[in-house]
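Engineer: Here it is, the structure in full.
The values are calculated or read from the model by the stated rules, or taken from the named source; none is laboratory data. These numbers were taken from a predicted model, which means no experiment stands behind them. No Cβ is skipped: glycine too gets one built from the backbone with ideal geometry, and neighbour counts run over all protein chains shown.
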Amino acid sequence: MYDFEVDRVAEEILRRGVKRVLLQFPEGLRGRALSIVKRLSERVDAEFLVSGDPCYGACDLPLWQGRSLGVDLIVHYGHSPMMEETNPPVLYVEARAEMDVEEVVRRAVPLLGGAKVVGLASTVQHLSQLRRAERILSEEGKEVRVGGRSGRVTYPGQVLGCDYSSPLSVAGEVEVFLFIGGGSFHPLGLSLATEKDVVTADPYTGKVGRIGEKDRMRVAKRRWATISAARQAERFGIIMGLKAGQRRPTAVRALKGKLEEEGKEVLLLCMEEVNFENLANFTEIEAFIETACPRIAIDGIEGLRQPLLTGEEALVMLGELDWGEVWRATFGGIRWTWE
């Protein structure tokens, strides 16, 4: 189903003279780890280690693990390049999906309704299928718009969980977006960022659906309630993410200064995994602000009694960012300047 580019990886290992390699897979690709190591071992004489820690994206590279293991190369599967200069070096394998999306796209067309101009977007796995989807939509009398490369994304039409700058660049021209890919995580972010309805076409399950204003309002009401609750707090914990592509020390320091100007007490927390287990025991803290991945707060941590805000939502709380701008500030690909 996926192109793991085994020959390219083997050739790169030989070219570099690599002897120890750390492979990193997101959850959905780990079922192929053993077979990929076997195929690589048949081609090159090297030791292969596989990271068993969670992997949420190209921002989540096991760099310090690689250094501690003495590896010569990290091979990261499932995402496009994000960080260029790393130690150890990283080889990105996008694992493009090799599947026909025609049937599910045609099934999704009726959900587009009377829209004449449709935006197309996807994760990196299905970008090669966007052209086929565009032809199908054109046959149905639709005009198609695909956003250009922007922000952290590598390709036109691509979305990341934290960056929807590509579709945002054409959002003013389209009436509805069609998202090709699995799950609801990315299309919900797309709808929040663009404030447009998103029709989903899942090639894995064959299911189609539509994320609309009610879905956006449900998330918005929940986030506004969280911001309102945080306004009552006097003691804040500001979280600095330690994952390679999620560190925002400038934002952390700026938020600390702004909160202290308001007479708040602030504790700076550093962590790789922002989850219930790592936060719950900080019982003195009345509200948390996380500056790592915005989806951690927006999608919520079940069971956490304290409100958890993104950095941009904290600016709304402080009156420095308008609520109507928060989604674009969060997902627009250009981070707040924090000046």
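Engineer: Does at least one position in segment 253-262 carry a residue that is modelled with pLDDT of 95 or more and in contact with a Gly (Cβ under 8 Å, 6 or more places away or on another chain)?
Structural biologist: Looking for residues that are modelled with pLDDT of 95 or more and in contact with a Gly (Cβ under 8 Å, 6 or more places away or on another chain), one finds at least one in segment 253-262, hence yes.
Engineer: Same structure, new question: Could you look through segment 73-119, keep only residues that are of a type outside the set (Phe, Trp, Tyr) and in contact with a Cys (Cβ under 9 Å, 6 or more places away or on another chain), and pick out the one that is surrounded by the most Cβ atoms within 10 Å (Cβ to Cβ)?
Structural biologist: HIS76
Engineer: Look through segment 189-202, keep the residues that are within 23 Å of ALA97 (Cβ to Cβ) and at pLDDT 95 or above, and return whichever of them is surrounded by the fewest Cβ atoms within 10 Å (Cβ to Cβ).
Structural biologist: ASP202
So that you can scan it fast, the table gives a plain yes or no per residue for (1) basic (Lys, Arg); (2) in the same structural domain as THR86 (by TED's automatic domain parsing); (3) touching a residue at least 24 places away in the same chain (Cβ under 8 Å); (4) over 30 Å from ILE74 (Cα atoms):
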residue: GLY245; (1), (2), (3), (4): no, no, yes, no
residue: ASN281; (1), (2), (3), (4): no, no, no, yes
residue: ALA314; (1), (2), (3), (4): no, no, yes, yes
residue: GLU320; (1), (2), (3), (4): no, no, yes, yes
residue: GLY324; (1), (2), (3), (4): no, no, no, yes
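Engineer: Looking at this structure, is ARG20 over 30 Å from CYS162 (Cβ atoms), surrounded by fewer than 19 Cβ atoms within 10 Å (Cβ to Cβ) and in contact with a Gly (Cβ under 8 Å, 6 or more places away or on another chain)?
Structural biologist: Yes.
Engineer: Can you name the helices (runs of 4 or more DSSP H) wholly within segment 235-315 that have at least 2 residues being out of contact with any Leu (no Cβ under 9 Å at 6 or more places or on another chain) and surrounded by 14 or more Cβ atoms within 10 Å (Cβ to Cβ)?
Structural biologist: Details: elements: 249-261, 276-279, 294-299.
Ranges flagged: 249-261, 294-299.
Engineer: In segment 109-116, is there at least one residue being within 24 Å of the chain's Cα centre (by Cα) and either small (Gly, Ala, Ser) or within 30 Å of ARG16 (Cα to Cα) (or both)?
Structural biologist: no
Engineer: Please go through (1) touching a Gly at 6+ places or on another chain (Cβ under 8 Å); (2) in a helix (DSSP H, G or I); (3) among the β-branched types (Val, Ile, Thr) for ILE13 and return the number of the only condition it doesn't satisfy.
Structural biologist: (1)
Engineer: Shifting gears a bit: Does GLU339 satisfy the criteria of being closer than 24 Å to GLY189 by Cβ, surrounded by fewer than 19 Cβ atoms within 10 Å (Cβ to Cβ) and at pLDDT below 95?
Structural biologist: no
Engineer: Name the residue that is surrounded by the fewest Cβ atoms within 10 Å (Cβ to Cβ), counting only residues in segment 59-72 that are out of contact with any helix residue (DSSP H, G or I) (no Cβ under 9 Å at 6 or more places or on another chain) and of a type in the set (A, V, I, L, M).
Structural biologist: Selected residue: LEU69.
Engineer: On to the next question. What are the pairs, 6+ residues apart or on separate chains, where a residue within segment 76-102 that is farther than 22 Å from GLU27 by Cα has its Cβ under 6 Å from a residue that is of a type outside the set (A, V, I, L, M) and assigned to a loop (DSSP other than H, G, I, E, B)?
Structural biologist: These pairs meet every condition: VAL101/PRO203.
Engineer: Being touching an Asp or Glu at 6+ places or on another chain (Cβ under 8 Å), modelled with pLDDT of 95 or more and not small (Gly, Ala, Ser) narrows it down to one residue among VAL170, VAL159, VAL176; which is it?
Structural biologist: The match here is VAL176.
Engineer: Considering each residue of segment 97-130, count those that are under 30 Å from MET82 (Cβ atoms) and not hydroxyl-bearing (Ser, Thr, Tyr), and give that number.
Structural biologist: Final tally of qualifying residues: 18.
Engineer: Suppose we filter GLY212, GLY182 for residues that are more than 30 Å from GLY263 (Cβ to Cβ) and surrounded by fewer than 16 Cβ atoms within 10 Å (Cβ to Cβ); which single one remains?
Structural biologist: Details: GLY182 fails: surrounded by fewer than 16 Cβ atoms within 10 Å (Cβ to Cβ).
GLY212 is the lone residue from the list that is more than 30 Å from GLY263 (Cβ to Cβ) and surrounded by fewer than 16 Cβ atoms within 10 Å (Cβ to Cβ).
Engineer: Within segment 116-140, can you find the residues that are within 13 Å of GLY157 (Cβ to Cβ), touching a Leu at 6+ places or on another chain (Cβ under 9 Å) and without any contact (Cβ under 8 Å) to a residue 40 or more places away in the chain?
Structural biologist: Across segment 116-140, the qualifying residue is only GLU134.
Engineer: Would you pick out the residues in segment 176-226 that are among the polar types (S, T, N, Q) and free of Cβ contacts under 8 Å to residues at least 24 places away in the same chain?
Structural biologist: Once the filter is applied, which keeps residues that are among the polar types (S, T, N, Q) and free of Cβ contacts under 8 Å to residues at least 24 places away in the same chain, segment 176-226 yields only THR205.
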